[in-house]
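Participant: First the structure, then my questions, so here it is.
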Amino acid sequence: MFRLAEFLYPRKEPLWELVKQAGVTDVVAIMRGAEQEQRMFAALDGGFRGESKTDDLPWSEKSLARDQSLFAAEGMTVVAIEDTVPMDRVRLGLPGRDEDIAAVVQQIEAMGNLGIGVLCYNWMPISSWSRTASGIPSRGGALVTGFRLADAEALAEVEHPETSTEAMWDALAYFLQAVMPVAERNGVKLGMHPDDPPLPRLRGVPRIMGSADAYRRLLALYDSPANGVTFCQGNFALMDIDGPALIREFGNRIQFVHFRNVRGAAADFVEIFHDDDGVFDMAECMRAYDSIGFEGPLRPDHVPTMAGESNERPGYETLGRLFALGYIRGLQHAISP
């Protein structure tokens, strides 16, 4: 069936051993100092834009091979990268986008050479996934993240170049035409992550990947097995759709799965434990993946912070991850023994 994986940084920490003890050795990696890390935790400044040919940049083959070997030395295999070069000029169709696309091409070629088959990317300009609270009490006092549009709208709009949704679609088409032939030649599949949350505009910035129809349009823009979906269940659950039916519809265009669930609606929701009652029936989703023969990476995401943890990394502390891995493995064995 699928490859149960975990999202890890290329810096050894105790979580690595715990994940292996939970029976997981496949890794969804993040590049050192590139886009997701800058946005999620502001850990590195990263003035990388405009230097895409430098061998030591996070997306170069030299850097990716270094990280891959670090995991390999611990008996772990990198099966996907959930991170890209800085892409806002690409998403917004701004001058300089060809330079940034060249860096994406460099990353894809490096991944192909190293045998890393899946790249997760998104089309959220200026900011990535957004939450308005990170310490909401949940079951037994665990802490979860949540979002309320009313709270977000109380904040100032984010400065951004003027654009429109159609301009962003045009920019996406331009990007796909440039990178998909490279992905096909190198055996790399690209999976588009949904807007998080899936709203048409957030703090003044337009977004386009927030509905099932948007994904149908994406797949039609470049009809290739390399052009596909990161099926982040928490976001699709907020699109008011039948999740298992959509999984079956997308079929082999699903490259990668974020196995998580939420309670609420796009304008007001909270994350939940993987076994809690939410929008999606998790067992039915698992049956749907089984029915399409999904063999790509699947990882838990946005877990609760549990007793004794600091909540310094909301959604990504340790105990909730281990709980989720066990729950997912149990579903897998129950549905496809």
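Participant: Name every residue in region 213-225 that is over 30 Å from residue 278 (Cα atoms) and open to solvent by 10 Å² or more (accessible area, probe 1.4 Å), in order of residue number.
Facilitator: Scanning region 213-225 gives 220, 221, 222, 223, 225.
Participant: Does residue 326 qualify as being farther than 18 Å from residue 23 by Cβ, of a type outside the set (D, E, K, R) and not in a strand (DSSP E or B)?
Facilitator: When the stated conditions are applied, residue 326 does not pass them.
Participant: If you go through region 102-141 one residue at a time, how many are open to solvent by less than 10 Å² (accessible area, probe 1.4 Å) and aliphatic (A, V, I, L, M)?
Facilitator: 8
Participant: Six or more apart or on different chains, Cβ under 8 Å: which pairs go from a residue in region 281-305 that's free of Cβ contacts under 8 Å to residues at least 60 places away in the same chain and polar (S, T, N, Q) to one that's in a helix (DSSP H, G or I) and surrounded by fewer than 24 Cβ atoms within 10 Å (Cβ to Cβ)? Could you list them?
Facilitator: 291/248
Participant: Another question, if that's okay. Examine region 212-223 for a residue that is in a loop (DSSP other than H, G, I, E, B) and over 18 Å from residue 119 (Cα atoms), and state whether such a residue exists.
Facilitator: No - not one qualifying residue is present in region 212-223.
Participant: Would you mind stating whether residue 200 is under 24 Å from residue 125 (Cα atoms) and surrounded by fewer than 16 Cβ atoms within 10 Å (Cβ to Cβ)?
Facilitator: So residue 200 fits the description; yes.
Participant: Being open to solvent by 60 Å² or more (accessible area, probe 1.4 Å) and over 24 Å from residue 134 (Cα atoms) is the filter; apply it to region 307-337 and report the residue that is modelled with the lowest pLDDT.
Facilitator: 337
Participant: Could we say that residue 250 is part of a helix (DSSP H, G or I), among the aromatic types (Phe, Trp, Tyr) and modelled with pLDDT of 95 or more here?
Facilitator: The answer is yes for residue 250.
Participant: Using the structure shown, decide if residue 95 is loosely packed, with under 14 Cβ neighbours inside 10 Å and farther than 30 Å from residue 223 by Cβ.
Facilitator: It is false that residue 95 is loosely packed, with under 14 Cβ neighbours inside 10 Å and farther than 30 Å from residue 223 by Cβ.
Participant: I'd like to know if region 287-299 contains one or more residues that are of a type in the set (A, V, I, L, M, F, W, C), in contact with a Phe, Trp or Tyr (Cβ under 7 Å, 6 or more places away or on another chain) and farther than 28 Å from residue 220 by Cβ.
Facilitator: no
Participant: Just one of 173, 156, 152 is surrounded by fewer than 16 Cβ atoms within 10 Å (Cβ to Cβ), on the phi < 0 side of the Ramachandran plot and modelled with pLDDT under 95; which is it?
Facilitator: So the residue among 173, 156, 152 that is surrounded by fewer than 16 Cβ atoms within 10 Å (Cβ to Cβ), on the phi < 0 side of the Ramachandran plot and modelled with pLDDT under 95 is 156.
Participant: Turning to a different aspect of this structure: What single numbered condition from (1) touching a residue at least 24 places away in the same chain (Cβ under 8 Å); (2) open to solvent by 10 Å² or more (accessible area, probe 1.4 Å); (3) assigned to a loop (DSSP other than H, G, I, E, B) fails to hold for residue 274?
Facilitator: So residue 274 meets the others, but not (2).
Participant: Kindly check whether there is at least one residue in region 233-240 that is touching a helix residue (DSSP H, G or I) at 6+ places or on another chain (Cβ under 7 Å), part of a strand (DSSP E or B) and not hydrophobic (A, V, I, L, M, F, W, C).
Facilitator: no
The values are calculated or read from the model by the stated rules, or taken from the named source; none is laboratory data. Worth saying up front: this structure is predicted, and the values here are computed from it rather than measured. Positions of Cβ are backbone-derived with ideal geometry, glycine not excepted, and every protein chain shown enters the neighbour counts. The protein model used for the area step is the full one, side chains on, heavy atoms only, and it has no ligands, DNA or RNA in it. Shrake-Rupley method; radii C 1.70, N 1.55, O 1.52, S 1.80 Å.
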